[in-house]
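Quick note: the coordinates plus some simple rules give every number you see, no bench work behind them. This is a predicted model, so every value here is computed, not measured. Methodologically, a virtual Cβ is constructed for each residue, glycine included, from the backbone with ideal geometry; neighbour enumeration extends over all protein chains shown.
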Amino acid sequence: MNGTRPVPGIFYGWYVVAAIMVVLSVGSGLGFYNLSVYLKAFVAHAGFTVSEASTATACFFVASGLAGLGIGALIERYDVRWVITGGALTCGGTMFAAAHVHEIWQLYGFYAVFGVGYSACALLPCTTLVARWFARRRSQALSIASTGLSLGGILLTPLSAKLIGQLGLAGATPWLALIFVFGIIPITWIMIRPSPLAYGTGPDGDPIALDASGVPIPADGIDFEAAIRSRFFVLMTFTFIFAMMAQVGTIAHLFSLVAGRTGSDDAAALALAVMAGASVVGRLIGGWALAYMSSRGFVIGLITGQGIVLTLFAFADTTTGLVATSLLFGFTVGNLLMMAPLMSAEAFGLKAYGRIFSINQLCTMVGVASGPVVMGLLYAHGGGYHAAFLAMAAASAIAFLLICAAGPVRALLDGRLNA
């Protein structure tokens, strides 16, 4: 068999997890977490205003969410490695062109195309791969793979900022484009395989399920139309809209909050670093904890914790208090992001997972894109961050009520299997 040969006794799915962690590190470090770096660069080096660059950044989220609908369908029909490769090449080409962005329509086009490419090589294809390779140990595998999201922000985003600071936008983006392309494509083809069938096993290394004629049984699950109309899907999706609105809004304004209340940029940078580190540790702990509790119960606990932490942010005003609260917030950040794909696979199976999760992601983008904006408006018109963080705590409370009302995760799938 071509490709990487596994070490005897080690399920090849863990090699796939390691490769996905690298892909997500590169994608998030030079994509999602790097958006603020690009914004500053376009303002400093291309002459755009902060307002123009901030508004254009929203195109990234809109394009990423919309593109996910088509990408989810492509993943079901074609080898997922081609989808990831296309996304990496699109992002790399867009970054090469960043130095030639001089007009406002070009700026919007940059973020829109970049968002499409990012969608094709980030969370949607990577979580689909984990869901295919793992069933019993899916939570642990997903927690390890998604650690790459935080590692990218810790390792590659500061590198990007340093390169742009030293070389300027025109000098740095070709190098960043090369890192994006060569950091993702080679490892995708060397280590990733589209499903465990490529190594003659089922998920988790279990024997392949065969029908009476000896043919592998296709992945089971709920039809796309039935899934997206179900109560669980609708309420779960709205849960993550409000939960991610609060989370991303807080992340976007955390530096400003800490710097403003302490008068120290160093304290603000420390708070961000502590939050990022806690997100990595929290995600690994969460993957272990999910083996002993229900995913819905875990999400209820996370959202409850997030609401409490955001309330603490509203009143904390010392360096120690703000950094400690950032630590607690980091544990929820690391885990909430991985729960939507995990619950989607658990609730609806793998039959139409890509398309189902793409709808969830498109809707969740509403919360992701609006969180920083809502926080900014509340800060400007509410007399500071006190009201803004209490509002985000209220959004977490709404998310709590929604997920409680959603019902058991596997009710629809179990009902179908037992019919």
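Numbers for the structure displayed
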{"item": "Helix 353-381 axis, angle to the chain major axis (alpha carbon atoms, nearest 10°)", "result": "10 degrees"}
{"item": "Value of Rg to Rh for the range 224-417 (Rh from inverse mean 1/r over Cα pairs, i.e. Kirkwood)", "result": "1.01"}
{"item": "Phi-based couplings in Hz for the range 58-75 (Karplus 6.51, -1.76, 1.60; Gly and Pro marked x)", "result": "4, 4, 4, 5, 5, 5, 4, x, 5, 5, x, 4, x, 5, x, 5, 5, 4"}
{"item": "Chain lengthening between ALA394 and TRP288 when straightened (0.36 nm per residue, less Cα-Cα)", "result": "35.3 nm"}
{"item": "0 to 90° range, to nearest 10: angle between helix 385-406 axis and the chain longest Cα axis", "result": "20 degrees"}
{"item": "Stretch gain in nm, segment VAL373-PHE255, where the contour uses 0.36 nm per residue and the Cα spacing is subtracted", "result": "40.9 nm"}
{"item": "Cβ-placed point charges (K, R +1; D, E -1), dipole of the chain about Cα centre in debye, nearest 20", "result": "460 debye"}
{"item": "Fully extended contour minus Cα-Cα distance, from GLN166 to GLN106, at 0.36 nm per residue", "result": "19.2 nm"}
{"item": "Rounded tilt (10° steps) of 80-96 against the dominant C-alpha axis of the chain", "result": "20 degrees"}
{"item": "Two-decimal Rg/Rh across the chain, once Rg and the Kirkwood Rh are taken from alpha-carbon atoms", "result": "0.97"}
{"item": "Model label zone, ARG77; criterion: amide N under 14 Å from point 7 Å along Cα-to-beta-carbon; scope the range 347-375", "result": "355"}
{"item": "Bins of 10 Å from zero: percent of alpha-carbon pairs in the range 13-205", "result": "10, 37, 33, 15, 5, 0"}
{"item": "Charge dipole magnitude, Cβ of K and R +1, D and E -1 - the range 54-185, Cα centre, debye nearest 20", "result": "540 debye"}
{"item": "The range 54-150: chymotrypsin sites (Phe, Trp or Tyr not before Pro) falling in loop per DSSP and having at most 12 other Cβ within 10 Å", "result": "TYR78"}
{"item": "Length-normalised contact order for the chain - Cα pairs under 8 Å, 6+ apart - percent", "result": "24 percent"}
{"item": "Alpha carbon Rg of the range 331-377, scaled by the compact-globule rule 2.2 N^0.38 Å", "result": "1.36"}
